[in-house]
């Protein structure tokens, strides 16, 4: 008598594999890092860096702006419970993405401002900042 072999139901086995892959990538943290990286790519495609050094600094600041700014927004608006559902997690990751977008513009503006004042000491930089920003 031939022994019958049963195959797993495709839907449940695919879902289990997806869940395992999600956890292997770090779960929500892995997704947040991916979203933060996407924000950096979008911003840098819109305003290309002038040097490799500026690219590296912009990438780091945009990713940190996404993660830190996204966490601040989630906490400020009390959205932690949204992360318990797939749709809520996508919405929260949208906030993480959006939070990183201004990071590159701020870093680039700061570098441009500082480059114009190269060679000045700290006191002169403070005077310039007070004059330029009304401090």
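A few comments on the model shown:
- Sequence-separation-based contact order of the range 28-133, relative, with Cα cut under 8 Å and 6+ spacing, percent: 34
- The convex hull built on the alpha-carbon positions of the range 28-133 has an orientation-averaged projected area of 8.1 nm².
- Among 97, 77, 133, the order by Cβ neighbours within 10 angstrom, fewest to most, reads 133, 77, 97.
- Residues 117, 108 arranged by fewest to most Cβ contacts within 10 Å: 117, 108
- Residue-span extension gain [residue 120 to residue 50] - 0.36 nm each, minus C-alpha spacing: 22.9 nm
- Listing 51, 66 from fewest to most neighbouring C-beta atoms within 10 Å gives 51, 66.
- The simple Förster model, with R0 at 22 Å and r as the Cβ-Cβ distance, assigns residue 112 and residue 73 a FRET efficiency of 0.25.
Bear in mind that the values in this text are calculations on the coordinates, not laboratory data. Only a predicted model underlies this, so the values are computations on that prediction, with no experimental measurement involved. Cβ coordinates were reconstructed from backbone atoms using ideal geometry, including for glycine residues, and neighbour counts include every protein chain displayed.
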